1. Report the net charge of residues surrounding residue 124, where surrounding means a beta-carbon distance below 10 angstrom and charges are Lys +1, Arg +1, Asp -1, Glu -1.
2. Please give the peptides 21-33, 170-182, 146-158 ranked by average Cβ packing (other Cβ atoms within 10 Å per residue), highest first, as a rough proxy for protection.
3. What net charge do the residues around residue 70 carry, taking every other residue with its C-beta under 15 Å from that of residue 70, with Lys and Arg at +1 and Asp and Glu at -1?
4. Quick check: from the Cα gyration tensor, does the stretch 65-202 come out rounded (a/c under 1.5), prolate or oblate?
5. Let me check against my output: what whole-number percent is the relative contact order of the stretch 96-204, with C-alpha pairs under 8 Å and at least 6 apart?
Amino acid sequence: MRSDKEKKKEIILDENNDPTLEQLEEELGRVDYRIRFAKTFRSTLFTLITVSAIAVLIAVIFLPVLKIYGKSMKGTLDGGDIVFSLKQSNPKTGDIIAFYYNNNILIKRVIANGGDWVDVDEAGNVYVNNVQLDEPYLKEGKAFGECNIELPYQVPDARIFVMGDNRKVSIDSRNTSVGCVAEEQIVGKIVFRIWPIAKMGFIH
């Protein structure tokens, strides 16, 4: 049989193995923290996914991002440039727009609107309603270009006459293969270049 001393020692050992109230409260605090952290993490993750989805949706619908290919806008927009376009209707003369053409997107400058008369002389000077356009954006110079329409040419109603800034190589409304642009073809107005960083800024 165990002595009273041994029994007392066993009781003390059992008491030492039981968690104290302070330890229980500490452990409950840790469990509660983990639960709150998990809830906060899930809530934050859901918020970030929602915000990201909304941002992507807005970008796709209202601010399409486009990459420039080809040389038709050389001097203003070069191959490899990445730009923002802004959804808007009724583009004005001088605006640069992106529009759908045969499952591709072309980028050209607005020259005239429906009802206007367009003429181009052999030196590449452009006239709208008998007034010569001032075109400081033509870094590659003027040219008559690929033109097979009869000049002077009246732009059909609800159509837009467009030309590339690199007049020598651009295929645009001067050629019946592209023709004038309908409003439903328009992707948006090119407003801002985001790449390359050295050329970042608004586009005119």
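1. With Lys, Arg at +1 and Asp, Glu at -1, the neighbours total 0.
2. Working: 21-33: 10.0, 170-182: 18.9, 146-158: 13.5.
So the order, starting with the most tightly packed, is 170-182, 146-158, 21-33.
3. Around residue 70, the surrounding residues sum to +1.
4. Details: a/c = 1.76, a/b = 1.37, b/c = 1.28.
It comes out prolate by the Cα gyration axes.
5. Values: 222 pairs, mean separation 31.0, N = 109.
Over the stretch 96-204, the number comes to 28 percent.
Values quoted throughout were computed directly from the atomic coordinates according to the rules given, and no laboratory measurement underlies them. It should be emphasised that the depicted structure is a prediction, and the values quoted were computed from it without experimental measurement. All Cβ positions, even for glycine, are placed from backbone atoms using ideal geometry, and neighbour counts span all protein chains on display.
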